[in-house]
Each structure stands twice: as structure tokens, then as C-alpha cells.
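Novice: Pasting in a structure now, in C-alpha cells, and then I'll have a few things to ask.
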Amino acid sequence: MKKLIGTNKKKTSVFISGNGSNLRSLIRYSKLKKSTFKIILVVSNNKNAKGLSYAKKNKIPYLILNYKIKKKAEKKLLYLLKQKNIEIICLAGFMKILSSNFIKKFKGKILNIHPSLLPKYKGLNAHQRTIDNKEKYSGFTIHLVNKKLDSGKIIFQKKLKIFINDTANILEKRIRKFENKHYPLVLSKYVANL
Ligand code: GAR
């Protein structure tokens with residue numbers, strides 16, 4: 001594996017919509033010497049996203065996008081990503097669907113984290129559907145983004161047992177802890193091999 005030091009670290013943008021626990025752990029890891037990525041820009045489609053506080057606290061520039069007019073929003077976004085020489089995009093609870101035109105421009109460079117064992121439970125409410133179907137296992141998947149929702153190449157998957165008293169809420173919290181631990185590690189390894 002190549003070592004990326006200092007300015008060679010891959011310039012990364014993290015897209016969020018809400019809570020931002022994955023953003024927080026990505027920021028923490030990015031500050032370590034061993035990280036192969038650095039976070040240059042945070043993007044949110046939601047001006048009230050709690051996750052924006054982590055960008056502010058860490059003095060990372062952020063962009064709030066009005067995604068109602070997707071074409072306009074993505075035009076602005078592409079301009080800024082280019083201006084900042086962003087090489088990697090990391091979706092971390094970003095609940096909007098990027099257009100295929102946008103995805104084409106960052107082929108193999110957009111990662112997403114999804115809270116299920118894909119290809120099962122693509123889309124919204126994955127935890128509730130997992131519980132409703134009485135699955136024995138769940139987990140999360142880190143995958144590349146292509147134009148089909150939650151269907152790109154799988155890079156990493158973590159399988160976790162579901163306990164008898166688990167609700168969607170309990171499961172979500174438990175899985176998220178593992179997401180927070182693994183997302184930076186997987187991203188760092190992925191970009192080191194680009
Ligand atoms: C995470 O659990 C992530 O897997 C999920 O949103 C949560 C964001 O948490 N992503 C999706 O559902 C994408 N389809 P966070 O805001 O605390 O990082």
C-alpha cells in the first residue's frame with residue numbers, strides 16, 4: 001500500500017444530511033498521520049443538519065445546498081468541487097440521490113455507507129424492514145456509487161447479529177457505532193490504492 005503523506009493526502013468532500021456521526025469520525029481519523037485522506041469540504045442539503053457543527057468546530061469549509069432544483073444545485077456543487085480539487089466524495093448519511101451526470105464525473109470516486117447487508121434492503125428505513133422481516137443478521141455496507149440506488153461495487157461489509165429484543169432504533173444505534181469505526185479505515189485504505 002502506498003503511503004500518502006501531508007499534501008499528498010487525497011482531497012475529500014463529505015456529504016451529509018443530518019446527524020453527522022460518520023462525518024465526526026472521518027474528521028477525527030483524517031487528523032491522524034496515517035490517514036491517506038483529508039477533508040476539504042463538507043456538503044449538506046439540510047441547513048439544520050447537526051453534522052454541520054463538526055465542520056464548524058473543525059474549521060472545515062461547508063456548503064449548504066438547496067437540492068430542490070437538483071440541476072442547479074449540482075452545477076454549483078461541481079463548480080466548487082473542481083475549484084477545491086476534490087478527488088474523493090464520501091456520502092455519510094446523505095439522503096439525496098445524485099444525478100447520473102454527476103456520478104459519471106466522479107466514477108469510482110464516490111463512496112456511500114448504507115445500513116444493511118446489501119443487496120438486501122436498499123433505500124429508506126432499512127433497519128425497520130430488517131426487523132419486520134425477522135432477519136437474524138444485519139450490518140452495514142460501504143460501496144461505490146453508481147447510477148442505480150445502493151447497487152455499486154461493494155468494498156466492505158460488516159455483519160452483526162440481531163438480538164431478540166432489538167428494535168429498529170436499538171439496531172440502528174449499534175450498527176452506527178461500527179459504521180463510525182470502520183468508515184474511516186475503509187476510506188483510508190481505498191484511497192491509498194487509487
Ligand atoms: C448511517 O447509519 C448511514 O448508514 C445511513 O444514514 C446514517 C447516517 O448517520 N445512510 C443511509 O441510510 C443512506 N442510504 P450519521 O449522520 O450519524 O453519519
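The values are calculated or read from the model by the stated rules, or taken from the named source; none is laboratory data. What you see is a predicted model; the values in this text were computed from it and never measured. Virtual Cβ from ideal backbone geometry, glycine too; neighbours counted across all protein chains shown. All accessible areas refer to the heavy atoms of the entire protein, side chains included, with ligands and DNA or RNA removed. Shrake-Rupley method; radii C 1.70, N 1.55, O 1.52, S 1.80 Å.
Novice: Would you confirm whether or not the range 98-112 contains a residue that is more than 13 Å from the ligand (Cβ to nearest atom), closer than 21 Å to residue 52 by Cβ and of a type outside the set (S, T, N, Q)?
Specialist: So far as the range 98-112 goes, no, none of its residues is more than 13 Å from the ligand (Cβ to nearest atom), closer than 21 Å to residue 52 by Cβ and of a type outside the set (S, T, N, Q).
Novice: Further question: If you take just the strands (runs of 3 or more DSSP E) that sit entirely in the range 59-175, which of them hold at least 1 residues that are touching a strand residue (DSSP E or B) at 6+ places or on another chain (Cβ under 7 Å) and within 21 Å of residue 46 (Cβ to Cβ)?
Specialist: Strands (runs of 3 or more DSSP E) meeting the threshold: 62-64, 88-91, 110-114.
Novice: Looking at the range 161-176, can you tell me whether even one residue there is within 12 Å of the ligand (Cβ to nearest atom), acidic (Asp, Glu) and under 21 Å from residue 36 (Cβ atoms)?
Specialist: The answer is no; no qualifying residue exists.
Novice: Could you list, in sequence order, all residues of the range 9-34 that are part of a strand (DSSP E or B), out of contact with any helix residue (DSSP H, G or I) (no Cβ under 8 Å at 6 or more places or on another chain) and open to solvent by less than 20 Å² (accessible area, probe 1.4 Å)?
Specialist: Scanning the range 9-34 gives a single hit, 15.
Novice: For the subset of the range 123-138 comprising residues that are near the ligand (Cβ under 10 Å from one of its atoms) and open to solvent by less than 80 Å² (accessible area, probe 1.4 Å), which member is nearest to the chain's Cα centre (by Cα)?
Specialist: Of the range 123-138, the ones near the ligand (Cβ under 10 Å from one of its atoms) are 123-127.
Those still in the list that are open to solvent by less than 80 Å² (accessible area, probe 1.4 Å) too: 123, 126-127.
Details: 123: 14, 126: 16, 127: 17 Å.
Top of the filtered list is 123.
Novice: Are there any pairs, at least 6 apart or on different chains, whose C-beta atoms fall under 8 Å, with the first in the range 145-162 and in contact (Cβ under 8 Å) with a residue 40 or more places away in the chain and the second open to solvent by 50 Å² or more (accessible area, probe 1.4 Å) and assigned to a loop (DSSP other than H, G, I, E, B), and if so, which?
Specialist: Here the result reads 146/153; 149/97; 149/122; 152/146, each pair linking the range 145-162 to a residue that is open to solvent by 50 Å² or more (accessible area, probe 1.4 Å) and assigned to a loop (DSSP other than H, G, I, E, B).
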